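Just below is one structure, and these are the notes that go with it.
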């Protein structure tokens, strides 16, 4: 049964690391620009959008172009937040294995 106790301690440590990473991701801000700097999107590491800014001149462009550029910026920001989250979670769970599950 000593193995079970060790495994529980490992799981507890991993849970603490995951909670710390989740807080870090919440506090982390990622900024993405698109359209040659015409759009700036801010997102945190958890994938929550924090803000969007437009160059006023950019808003004079055709609506379809503005929409496409905004969508591209939002998708890139979302992708970067997911990559950041995946990378940090991978580090937080490194070295933990549960026999029979992996």
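What follows is calculated from the coordinates using simple rules that are stated; it is not laboratory data. Please read these numbers as outputs of a predicted model, since none were measured by experiment. Virtual Cβ from ideal backbone geometry, glycine too; neighbours counted across all protein chains shown.
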Hey, any hits in the stretch 4-18 for a residue that's on the phi < 0 side of the Ramachandran plot, free of Cβ contacts under 8 Å to residues at least 60 places away in the same chain and part of a loop (DSSP other than H, G, I, E, B)? no
Restricting to the stretch 19-40, give me the number of residues that are touching a residue at least 24 places away in the same chain (Cβ under 8 Å) and at positive phi. 1
Look at residue 43 and say whether it is in contact (Cβ under 8 Å) with a residue 24 or more places away in the chain, surrounded by 17 or more Cβ atoms within 10 Å (Cβ to Cβ) and outside any loop (DSSP other than H, G, I, E, B). yes
Inspect the stretch 89-98 for any residue being in a strand (DSSP E or B), in contact with a helix residue (DSSP H, G or I) (Cβ under 9 Å, 6 or more places away or on another chain) and without any contact (Cβ under 8 Å) to a residue 24 or more places away in the chain and give the result as yes or no. no
Taking the stretch 46-65, which residues are in contact with a strand residue (DSSP E or B) (Cβ under 8 Å, 6 or more places away or on another chain) and either touching a residue at least 12 places away in the same chain (Cβ under 8 Å) or farther than 30 Å from residue 22 by Cβ (or both)? 49, 50, 52, 53, 54, 55, 58
Across the stretch 51-78, what is the total count of residues that are within 17 Å of the chain's Cα centre (by Cα) and assigned to a loop (DSSP other than H, G, I, E, B)? 0
